[in-house]
Amino acid sequence: MAHGALSLVLLLGSVNAACVHAPTPPVTPPTATGSAKAPAQVWSSRAGRRFTGEITLDQGTLYGAGVDRKVYAVDLESGAVKWSSRLTGIVAGGVLVSGDTVYAASTRPEGRVSALDRNTGQRIWRVNVGLVSTPLAMVDRVLLVANQRDELIGLDPKTGARHWRRRTGPTLLAPIPLDSGEVLLTTPDSLFRIATSDGAVRRRLRAPGAVVSPWVRMGDALVAGTADSLVLAIDPDSLTLRWKVRLDAPVMNSPAVRRDTIYAATRRGTLYRVFPGTPARAERIVELNWPITAPVTIVHDLILLGGADGTIRALEPGGTERWRITLWRPIELGPLPLADGMVAVGGKGDLHRYRR
């Protein structure tokens, strides 16, 4: 079922080489609805048709990719596209930046991992690995790739040579680095501790729930949401469950951590405050009756939620709305925090920098 869902998402995009030059989409100015000052837009631009997966900010540049088969480098000061590089397929898992290299993996029609020079976008190497829809990870100088053949592959990041391949089962989530040269890999029914050196499975346990959101760290625990309406935490060493709490609907996107509190949004549009412990407890903050489609993001102590209608809402921790912005819909990626504001990502390749 996971592969079918991914295929549906990817088929929504098509190749359009000229889309980077398209007019900037209309944007509703930020509207203050509370006592806080709404952020001021510094610039807006468009790169591609729709960003997917991981977007990275590094040294004044935004790196992303998506359904038009291109990787983009965008200048954070001006919003100008520095370069774009075309791959052989749609990029579903976003990009990974490590050192002087940008890595991206493609899915249909050709599943390949490409390494690009971060300054020019020129290809360094490209290898066939099978269709990839999951974000890449770099751990202990090994590039980790989970493909749709239910395999985890370890590549040499300098050459693309394959070190090892391990059959694990399907996954939607990137491997998470642990200690002792191991990573956590999550499949619908299992949690694995896998050695990055040779791909050996060091530990495997039954998953405590249908984990569908990327893990977030909270102290010495890992926290995620599940399709069976749970927010839960595991011990990264033993992979055992520490606590869990049930909400009113599936938690499909990542929760966010603010100090000793977790904020999670459900598919019904309810925002919760979760207090870890034994037992953990959840407190309903606000019922928005609004389809939340992006991870919960905390920017300058405000909780930002993105919806299917293209709106980003900023809430105080108690649930009071401070301001909202309307971009192209839907909002699938959380805003990217900056020291003086944020970059918001719309649903049509549109990027917007705001300064508070």
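Of note:
- Under 28 Å of direct C-alpha separation, and excluding same-chain neighbours fewer than eight residues apart, K37 reaches these lysines: K348.
- In a simple Cβ point-charge model (Lys, Arg +1; Asp, Glu -1; nothing else charged), the range 226-356 has a dipole of about 200 debye relative to its Cα centre.
- Dipole size of the chain about its Cα centre, with +1 on Lys/Arg Cβ and -1 on Asp/Glu Cβ: approximately 500 debye, rounded to the nearest 20.
- Computed lengthening from W164 to D340, 0.36 nm per intervening residue step minus Cα-Cα distance: 59.1 nm
- The modelled label-to-label distance for the pair R246/D189, using points 7 Å beyond Cα in the direction of Cβ, is 2.3 nm.
- Simple spin-label estimate for R149 and S238 gives 3.7 nm between the two label positions (7 Å along the Cα-to-Cβ direction from each Cα).
- The chain: C-alpha gyration tensor shape, a/c 1.5 cut-off, then a/b vs b/c: oblate
- Estimated from helices alone, the mean residue ellipticity of the chain at 222 nm is -1000 deg cm²/dmol (sum of -39500 (n - 2.57) over DSSP H runs with n ≥ 4, per residue).
- Shape call, the range 317-356: gyration tensor on alpha carbons, a/c limit 1.5: oblate
- Projecting the Cα atoms of I312, P337, W323 onto the charge dipole of the chain, computed from C-beta unit charges around the Cα centre, puts I312 farthest toward the positive end.
- Relative to the current alpha-carbon distance between D179 and T56, full extension at 0.36 nm per residue lengthens the span by 41.9 nm.
- Projecting the Cα atoms of V95, P109, G79 onto the charge dipole of the range 74-145, computed from C-beta unit charges around the Cα centre, puts P109 farthest toward the positive end.
- Under the combined filter of DSSP loop state and at most 16 neighbouring Cβ atoms within 10 Å, the range 100-177 retains these trypsin sites (Lys or Arg not before Pro): R141, R149, K158.
- Contact order normalised by residue count of the range 239-282, Cα under 8 Å, 6+ apart, percent: 38
- Neighbours of P295 by Cβ distance under 12 Å: Lys/Arg scored +1, Asp/Glu scored -1, total -2.
- Measuring nothing but how far apart in sequence close Cα pairs (under 8 Å, 6+ apart) lie, relative to its length, the range 39-161 scores a relative contact order of 16 percent.
- ³J(HN,Hα) computed for each position of the range 233-244 - Karplus, 6.51 cos²θ - 1.76 cosθ + 1.60, integer Hz, glycine/proline x: 10, 10, 7, x, 7, 8, 6, 7, 6, 8, 7, 8
- Long-range HN-HN contacts of M252 with modeled amide H, under 5 Å: R267
- Computed over the chain: relative contact order in percent, which uses C-alpha pairs under 8 Å that are six or more apart: 13
- Inter-label distance, E110 to R329: 3.7 nm, where each label sits 7 Å from its Cα along the C-beta direction.
- Positive-pole candidate from L230, S197, I176, dipole of the range 131-230, charges at beta carbon: S197
- Put simply, the amide H of V139, placed in the peptide plane, has neighbours under 5 Å in L144, leaving out anything fewer than 5 places away on its chain.
- Shape class of the range 217-264 from the alpha-carbon gyration tensor: oblate, with a/c at 1.5 or above and b/c at least as large as a/b.
- Calculated FRET efficiency for the pair D301/R204, C-beta based, R₀ 56 Å, to 0.05: 0.90
A short reminder: the numbers here are calculations on the coordinates, not readings from a lab. Only a predicted model underlies this, so the values are computations on that prediction, with no experimental measurement involved. Note: ideal-geometry Cβ built from the backbone for every residue, glycine included; neighbour counts use all protein chains shown.
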